[in-house]
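The values are calculated or read from the model by the stated rules, or taken from the named source; none is laboratory data. Owing to the predicted nature of the structure, the values given are computational and were not obtained by experimental measurement. So basically every Cβ, Gly included, is an ideal-geometry build from the backbone, and we count neighbours across all protein chains shown.
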Amino acid sequence: MKVITKAEDFVPEVIESGAGGCYGIMLVKLNKCPICGKHMLVPVARHQGPFPIAIDFDAQIKKAGWVRQSIAEVDGRPICQECSAAGKADFLCQLCKERRPTSKIKESFGDPPEFLCQDCYSTVPAEIWDKEVDRLEKEHQWDFE
């Protein structure tokens with residue numbers, strides 16, 4: 001494989017695979033997790049990503065030694081799902097205003113994300129929870145447009 005020093009110098013390539021079609025090699029942007037240092041990739045959508053549907057997203061990033069990027073951040077920088085699930089960072093719950101480990105994220109809204117915690121989900125009345133969810137959904141309804 002060629003060594004590329006600048007992203008703008010990269011040229012996508014087509015790999016012929018026979019009668020069934022072909023595949024292409026493209027450039028994808030990676031971030032490094034500020035906690036564990038692993039390379040992270042964000043899928044475009046839940047069932048889509050930069051990889052063909054026939055080749056599972058998680059299988060591809062595992063082969064490369066990469067991990068999924070989470071919605072959680074440390075000092076404004078995203079962290080990987082592994083560190084987030086392990087609670088290695090924290091977030092501010094918009095309902096109780098407490099800082100919680102990222103392993104306690106129940107819901108997230110918007111970009112940059114705001115969060116609600118599992119503790120609030122299991123302790124506050126449903127009416128209060130639903131009201132806060134509605135508020136956050138309305139506040140962030142145009143974030144991804």
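Take the range 98-111 and flag every residue that is outside any strand (DSSP E or B) and out of contact with any Gly (no Cβ under 8 Å at 6 or more places or on another chain). Full working, then the answer.
Step one: list which residues in the range 98-111 are outside any strand (DSSP E or B), which gives 98, 102-104, 110-111.
Passing the criteria: GLU98, GLY110, ASP111.
The residue of the range 52-89 that is nearest to PRO34 (Cα to Cα), among those that are acidic (Asp, Glu) and buried (at least 16 other Cβ atoms within 10 Å of the Cβ), is GLU73. Across the range 22-76, the qualifying residues are those that are part of a strand (DSSP E or B), β-branched (Val, Ile, Thr) and touching a helix residue (DSSP H, G or I) at 6+ places or on another chain (Cβ under 8 Å), and the one among them that is modelled with the lowest pLDDT is ILE71. Restricting to the range 12-29, and then to whatever is among the β-branched types (Val, Ile, Thr) and surrounded by 10 or more Cβ atoms within 10 Å (Cβ to Cβ), can you tell me which residue is farthest from ILE61 (Cα to Cα)? The extreme case among them is ILE25. Among the residues of the range 85-106, none qualifies, meaning not one is small (Gly, Ala, Ser), out of contact with any helix residue (DSSP H, G or I) (no Cβ under 6 Å at 6 or more places or on another chain) and in contact (Cβ under 8 Å) with a residue 24 or more places away in the chain.
Are any residues in the range 119-137 loosely packed, with under 10 Cβ neighbours inside 10 Å and over 21 Å from ASP90 (Cα atoms), and if so, which ones? Write out each step before concluding.
Step one: of the range 119-137, the residues loosely packed, with under 10 Cβ neighbours inside 10 Å are 122, 125-127.
PRO125, ALA126, GLU127, listed by residue number.
Taken over the range 90-102, the criterion of being within 23 Å of HIS39 (Cα to Cα) and either among the small types (Gly, Ala, Ser) or surrounded by fewer than 21 Cβ atoms within 10 Å (Cβ to Cβ) (or both) is satisfied by ASP90, PRO101. Mind listing whichever residues of the range 97-108 are within 18 Å of GLU139 (Cα to Cα) and of a type outside the set (D, E, K, R)? Selection gives SER108 alone. Sub-7 Å Cβ pairs linking a first residue in the range 6-20 that is modelled with pLDDT under 85 to a second residue that is surrounded by 10 or more Cβ atoms within 10 Å (Cβ to Cβ) and part of a loop (DSSP other than H, G, I, E, B), at least 6 apart or interchain, are ALA7/LEU27, ordered by first then second residue. Going by what's in this entry, would ILE105 be described as at pLDDT 90 or above, surrounded by 13 or more Cβ atoms within 10 Å (Cβ to Cβ) and aliphatic (A, V, I, L, M)? Yes: the conditions hold for ILE105.
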